[in-house]
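Before any comments, here is the structure.
The values are calculated or read from the model by the stated rules, or taken from the named source; none is laboratory data. Just so we're clear, the structure is a prediction, and the values are computed from it rather than from any experiment. Note that each Cβ is placed from the backbone with ideal geometry, even for glycine, and that neighbours are counted across all protein chains shown. Quick note on the areas: whole protein, heavy atoms, side chains included, nothing else; ligands and nucleic acids left out. Shrake-Rupley method; radii C 1.70, N 1.55, O 1.52, S 1.80 Å.
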Amino acid sequence: MMEQMSLFDREVPQPLAARLRPRDLDEFVGQTHLLGKGKVLRRLIESDQVSSMIFWGPPGVGKTTLARIIANRTRAKFIDFSAVTSGIKEIREVMQKADDNRRYGEKTIVFVDEIHRFNKAQQDAFLPFVEKGSIILIGATTENPSFEVNGALLSRCKVFVLQALSAEDITVLLNRALKDPRGFGDMQVEMEPDMVLALANFANGDARTALSTLEMVVLNGEIREDGTTVVTKETLEQCTSKKSLLYDKKGEEHYNLISALHKSMRNSDPDAAVYWLARMLEAGEDPLYVARRVVRFASEDVGLADPQALTQAVAAYQACHYLGMPECNVHLTQAVIYVAMAPKSNAMEVAYNTAKVDAVEQIAEPVPLVIRNAPTDLMKELSYGEGYMYAHDYEEKLTAMQCLPDSLQGREYYRPTTQGQEAQLKERLDEIKTWKKEHSLGEKKDANRNS
């Protein structure tokens with residue numbers, strides 16, 4: 001019976017995502033900030049010098065795949081743990097064996113998928129063995145490890161943040177699946193590039209979702225007399241369970257729609273803004289993507305002309321995160337209409353971009369001694385913090401103390417507009433600058449008299 005089951009298992013083909021799992025770093029797509037040529041994580045893997053680490057990122061971005069690549073390259077013993085099936089007793093038994101192997105010079109790498117599902121007691125069972133170097137722990141999680149991994153264990157691991165794959169990354173994977181013999185390379189599959197891109201956008205950064213959907217789409221394609229499998233728009237729409245918007249070959253429609261939404265809000269046109277919002281959501285756009293753009297807009301185009309705009313936008317993002325579509329469409333509508341109707345100011349973006357130029361071009365500019373922290377006696381002896389004026393000690397809650405470096409003294413980055421509440425801030429800032437100028441001159445006169 002066991003033999004029959006084994007034979008049967010071998011006859012069942014693996015899912016497309018499993019068959020196409022990258023075998024090495026050259027096949028891996030995405031995460032170039034970690035795995036590009038010369039990047040830290042790539043060097044660690046290629047030199048077989050991995051230390052305890054945690055891969056944190058959304059589903060389908062390559063966390064488990066990276067662990068498999070490490071397993072294939074390392075000379076260490078590689079153990080795979082499941083957070084669902086592994087108990088404390090099993091963990092301790094394996095850890096003790098790893099500790100014994102260490103005495104004979106053998107390294108052990110333990111991979112824990114979904115480490116956030118391990119309770120505190122299970123995580124604590126790893127801790128002493130990580131501390132003394134008996135094992136190298138590699139964890140993978142979709143949840144923020146700051147909250148889901150106990151502090152002592154987390155402090156001994158390097159956290160690598162993996163990002164959702166771009167539509168371009170997923171398009172590469174889908175095209176590879178259509179050509180690779182491990183995928184559909186042995187079949188004749190016709191699928192238009194715009195449908196491949198539509199499927200890539202539908203996957204929302206998740207390679208596993210993309211490949212699983214592609215498999216469904218191809219298996220449900222129309223087979224012609226010559227044996228060619230043709231994927232039609234109707235098949236794609238049925239397999240994605242929604243009438244997905246088919247972006248054009250360059251993917252421009254996606255960017256055209258978000259541009260239309262952004263510019264309608266900027267032009268204070270709530271009707272147009274809601275229309276473009278609906279176009280995006282009904283085409284299957286990720287509501288969190290739209291919400292992130294609205295959050296950006298709230299500071300980039302409204303800013304302090306109406307500080308509540310950011311509050312509205314962030315609240316809408318949270319609502320989208322909690323509820324998802326279709327329930328969150330009204331929350332996004334509220335935020336979009338609010339920021340469209342709000343007074344406009346781009347003073348925040350102008351302030352930062354202007355300051356960025358000085359920060360980059362004069363990056364070695366020292367912090368004035370007067371506003372440096374002086375936690376040690378040596379720093380005090382070096383005049384750190386000498387002459388610092390604590391604003392709360394003064395009746396006006398202001399001082400004329402210089403906070404910019406000498407070379408940037410007098411530079412203005414924030415220039416408030418007269419729109420909305422920012423008009424009041426402009427009056428306040430003008431008063432502050434006038435007061436500081438007068439008192440700065442007074443201080444200089446006093447200094448000259450004393451000299």
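Couple of notes before you dig in:
- Cβ-placed point charges (K, R +1; D, E -1), dipole of region 312-407 about Cα centre in debye, nearest 20: 440 debye
- Think of each Lys and Arg Cβ as +1 and each Asp and Glu Cβ as -1; about the Cα centre, that makes the dipole of the chain roughly 1200 debye.
- Under Karplus coefficients 6.51, -1.76 and 1.60, residue-wise ³J(HN,Hα) of region 191-200 in Hz, glycine/proline x: 9, 4, x, 5, 6, 4, 5, 4, 5, 4
- Dipole of the chain [Lys/Arg +1, Asp/Glu -1 at C-beta], most positive-end residue of P128, M325, Q419: P128
- Chymotrypsin sites (Phe, Trp or Tyr not before Pro) within region 96-134: DSSP coil, no more than 16 neighbouring Cβ in 10 Å: Y104
- Close amide-amide hydrogen proximity is noted between D180 and G185, each under 5 Å apart and 5 or more residues distant or on a separate chain (H modeled in the peptide plane; Pro and chain starts excluded).
- Loop-resident trypsin sites (Lys or Arg not before Pro) (DSSP state other than H, G, I, E or B) in region 9-111 with no more than 12 further Cβ atoms inside 10 Å of their Cβ: K37, R75.
- Here the sum of -39500 (n - 2.57) over DSSP H runs of 4 or more residues, divided by the residues of the chain, equals -15500 deg cm²/dmol at 222 nm, to the nearest 500.
- Expressed as a whole percent, the accessible area of the chain that falls on carbon and sulfur atoms is 52 (1.4 Å probe).
- Projected area, mean over directions - the chain, Cα convex hull, nm²: 32.3 nm²
- For the chain, C157, C239, C403 have no disulfide-compatible partner, since no other Cys C-beta lies under 4.7 Å from theirs.
- Full extension of the chain between T376 and E431 yields a length gain of 16.1 nm, computed as 0.36 nm times the residue separation minus the alpha carbon distance.
- If you take all other residues with their beta carbon under 15 Å from the beta carbon of W56, and give Lys and Arg +1 and Asp and Glu -1, the sum is -1.
- Pairs from K179/K233; K344/K433; K344/K437 whose Cα-Cα separation, in the structure shown, is over 27 Å: K344/K437
- One decimal place: the segment E361-R415 gains 17.3 nm when fully extended, by the rule 0.36 nm per residue minus the C-alpha distance.
- Computed about the Cα centre, the dipole magnitude for region 196-348 is approximately 420 debye when only Lys and Arg (+1) and Asp and Glu (-1) carry charge, each at its Cβ.
- Counting only alpha carbon atoms, the long axis of helix 252-266 and the longest principal axis of the chain meet at about 30°.
- Summarising the amide proton neighbourhood of F78: residues at separation of 5 or more, or on other chains, whose placed amide H is nearer than 5 Å comprise I109.
- Under the Karplus curve 6.51 cos²θ - 1.76 cosθ + 1.60, θ = phi - 60°, whole-Hz ³J(HN,Hα) for region 342-352, x wherever Gly or Pro sits: 5, x, 10, 8, 9, 5, 5, 5, 4, 4, 5
- Other-chain or far-sequence residues with amide H under 5 Å of N150's (modelled H): none
- Accessible area of the chain divided out per residue, in Å², using a probe of 1.4 angstrom: 57 Å²
- Of K63/K356; K37/K97; K39/K120; K77/K158, pairs whose Cα-Cα distance is over 29 Å: K63/K356; K37/K97; K39/K120
- Residue by residue, region 108-113 carries 3J(HN,Hα) couplings of 10, 9, 10, 9, 10, 6 Hz when phi is fed to the Karplus relation 6.51 cos²θ - 1.76 cosθ + 1.60 (θ = phi - 60°); x denotes Gly or Pro.
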